[in-house]
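Novice: Questions regarding the structure given below will be posed in turn.
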Amino acid sequence: MNFKEILIGIFIFLSLTLNFDFVYGDFDNLSHHSIYVLYFAIVVNIIGTILKIGDRTKIGSILVATSIVALIQLVFAGLIWSYYENFTIGVSDSNIFNVVSMASGALVANFLSVMILIIDTSRIKR
């Protein structure tokens, strides 16, 4: 067992689950989405991306790419939330849809990252 691979796997799955936790619920209902879950999803994605950067395989580069895509979309979701909070009346049911739709794109990227990890792990010969 390689500790770094275990750690990368933990952060890949944690990124997916936190992202799903944020997106889950009605897209246009603010009470179903927490800024804290979005914040933790961003932090975990940052850590996961940093851990993946050292992998020099082709699969590793694809994992880094999916992680960067998810991170960009989550950061934009956070920026949109921040914009609504600081420069408009506030985040409401009518504009939370934009934040959740950006996070949904990140959810797809995190899901692909998990699928790539599972496929790569199943190909390893014992």
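The values are calculated or read from the model by the stated rules, or taken from the named source; none is laboratory data. The structure displayed is predicted, hence computed values, not measured ones. Positions of Cβ are generated from backbone atoms using ideal geometry, with glycine treated the same way; all protein chains shown enter the neighbour counts.
Novice: When you check Phe11 against the structure, is it in contact with a Gly (Cβ under 6 Å, 6 or more places away or on another chain), among the hydrophobic types (A, V, I, L, M, F, W, C) and within 29 Å of Arg123 (Cα to Cα), yes or no? Break it down stepwise before answering.
Specialist: Numbers: in contact with a Gly (Cβ under 6 Å, 6 or more places away or on another chain): yes; among the hydrophobic types (A, V, I, L, M, F, W, C): yes; within 29 Å of Arg123 (Cα to Cα): yes.
In short, yes.
Novice: Within the stretch 72-94, which residues are part of a helix (DSSP H, G or I) and either of a type in the set (D, E, K, R) or closer than 20 Å to Ile119 by Cβ (or both)? Show your work before the answer.
Specialist: Step one: of the stretch 72-94, the residues part of a helix (DSSP H, G or I) are 72-87.
Answer for the stretch 72-94, where residues must be part of a helix (DSSP H, G or I) and either of a type in the set (D, E, K, R) or closer than 20 Å to Ile119 by Cβ (or both): just Glu85.
Novice: Condition test on Ile118, is it closer than 14 Å to Phe13 by Cα, loosely packed, with under 14 Cβ neighbours inside 10 Å and not acidic (Asp, Glu)? It would help to see each step written out before you state the result.
Specialist: Values: closer than 14 Å to Phe13 by Cα: yes; loosely packed, with under 14 Cβ neighbours inside 10 Å: yes; not acidic (Asp, Glu): yes.
In short, yes.
Quick grid of which residues meet (1) of a type outside the set (A, V, I, L, M, F, W, C); (2) more than 18 Å from Phe20 (Cα to Cα); (3) touching a residue at least 60 places away in the same chain (Cβ under 8 Å):
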| residue | (1), (2), (3) |
| --- | --- |
| Val69 | no, no, no |
| Phe76 | no, no, no |
| Tyr84 | yes, yes, no |
| Phe87 | no, yes, no |
| Asn95 | yes, yes, no |
| Met102 | no, no, no |
| Gly105 | yes, no, no |
| Val108 | no, no, no |
| Val114 | no, no, yes |
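Novice: For the stretch 18-41: of the residues being in contact with a Phe, Trp or Tyr (Cβ under 8 Å, 6 or more places away or on another chain) and part of a loop (DSSP other than H, G, I, E, B), which is farthest from Asn110 (Cα to Cα)?
Specialist: Quick first cut of the stretch 18-41, residues in contact with a Phe, Trp or Tyr (Cβ under 8 Å, 6 or more places away or on another chain) only: 18, 27-28, 32-35, 37-38, 41.
Now narrow it down to the ones that are part of a loop (DSSP other than H, G, I, E, B): 27-28, 33-34.
Numbers: Phe27: 19, Asp28: 22, His33: 18, Ser34: 19 Å.
The extreme case among them is Asp28.
Novice: Something else about it: Let me spell it out: the conditions are (1) within 15 Å of the chain's Cα centre (by Cα); (2) farther than 28 Å from Gly9 by Cβ; (3) of a type outside the set (Val, Ile, Thr), and Phe111 meets all of them except one. Which number is the exception?
Specialist: It fails just one condition, (2).
Novice: State which residue is modelled with the highest pLDDT when the search covers only the stretch 76-92 and only residues that are of a type in the set (Phe, Trp, Tyr) and over 16 Å from Asn29 (Cα atoms). Give the derivation first.
Specialist: First, the residues of the stretch 76-92 that are of a type in the set (Phe, Trp, Tyr): 76, 81, 83-84, 87.
Filter once more, so that each one left must be over 16 Å from Asn29 (Cα atoms): 76, 83, 87.
Details: Phe76: 95, Tyr83: 92, Phe87: 86.
Selected residue: Phe76.
Novice: Look at Asp93 and say whether it is closer than 16 Å to Glu5 by Cβ and among the acidic types (Asp, Glu).
Specialist: Numbers: closer than 16 Å to Glu5 by Cβ: no; among the acidic types (Asp, Glu): yes.
Considered against the rule, which asks whether it is closer than 16 Å to Glu5 by Cβ and among the acidic types (Asp, Glu), Asp93 comes out as no.
Novice: Please go through the stretch 1-44 and pick out each residue that is surrounded by 13 or more Cβ atoms within 10 Å (Cβ to Cβ), farther than 26 Å from Ile96 by Cα and modelled with pLDDT of 85 or more.
Specialist: Passing the criteria: Leu7, Ile8, Gly9, Ile10, Phe11.
Novice: Restricting to the stretch 48-71, and then to whatever is exposed (fewer than 14 other Cβ atoms within 10 Å of the Cβ) and polar (S, T, N, Q), can you tell me which residue is nearest to Val114 (Cα to Cα)?
Specialist: Ser61
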